[in-house]
Each structure stands twice: as C-alpha cells, then as structure tokens.
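The values are calculated or read from the model by the stated rules, or taken from the named source; none is laboratory data. Everything quoted here is computed from the prediction, not taken from an experiment. Virtual Cβ from ideal backbone geometry, glycine too; neighbours counted across all protein chains shown.
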C-alpha cells in the first residue's frame, strides 16, 4: 500500500529576467550546372535519386565542370549566382534567468 504525506512548502519569491530567443532558417538556392554523366563514371548506372545522394556526400571529391577555375564540383556549385533566398522565423523560445 502506498501512503501519501503532505509536504508543507513556503512561497518562494524571486526576481527573474525573461528572455525571448528566436531561431531563423536561411535557404539559398544557387544556379544550376549541367553535367553529362558520361564524364562522371562514378555515377553511371545510378538512378536519379542515387546520383543525388552520391553528390550530396561526394560533391567536393568530384571533378568540376570548369577545372581551370574550380577544384571540385562542390566548389563550383557553391559559387553559382543566387537564384532564390528566404529567411523563415522558425522558432521562438522563452526562458528565464534568476536574479540573485
């Protein structure tokens, strides 16, 4: 059998600071590059989804379209002009800090 007891507590008064903290998500879409998979044997025979996943993990290890300017496909893609950008107010949190 469980027994319950009442515990007396007294009111605790304190000063606190209240804060609001906002987080934002920034999305930037850059211009595209056209590649021929014949020039990238590492992706030949893959489906479109498989190629996308492969590039996600290996873009900086792949040869660029323009090797005279860039050292990797990832660097070249990252240097394309911005076509679209957006900043969203993703989250807001409220928190407190006790003032001593």
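A few comments on the model shown:
- Residue check for residue 13: surrounded by 10 or more Cβ atoms within 10 Å (Cβ to Cβ), part of a loop (DSSP other than H, G, I, E, B) and at pLDDT below 95: no
- Among residues of segment 80-91 that are surrounded by 10 or more Cβ atoms within 10 Å (Cβ to Cβ), those with a beta-carbon under 8 Å from a residue that is not in a strand (DSSP E or B) at least six positions away or on a different chain give the pairs 80/31; 80/32; 80/33; 83/31.
- Restricting attention to segment 80-90, the residues that are within 18 Å of the chain's Cα centre (by Cα) and modelled with pLDDT of 80 or more add up to 6.
- Selection within segment 30-60: residues that are farther than 24 Å from residue 79 by Cβ and surrounded by 10 or more Cβ atoms within 10 Å (Cβ to Cβ). The member of this set that is nearest to the chain's Cα centre (by Cα) is 50.
- Residue check, residue 19 more than 22 Å from the chain's Cα centre (by Cα), surrounded by 11 or more Cβ atoms within 10 Å (Cβ to Cβ) and either in a loop (DSSP other than H, G, I, E, B) or modelled with pLDDT of 85 or more (or both): no
- Looking only at segment 64-78, and only at residues there that are in contact (Cβ under 8 Å) with a residue 24 or more places away in the chain and out of contact with any strand residue (DSSP E or B) (no Cβ under 8 Å at 6 or more places or on another chain), the one that is surrounded by the most Cβ atoms within 10 Å (Cβ to Cβ): 73
- Only one of the numbered conditions (1) under 19 Å from the mean Cα position of the chain (by Cα); (2) loosely packed, with under 10 Cβ neighbours inside 10 Å; (3) not in a strand (DSSP E or B) is not met by residue 27, and that is (3).
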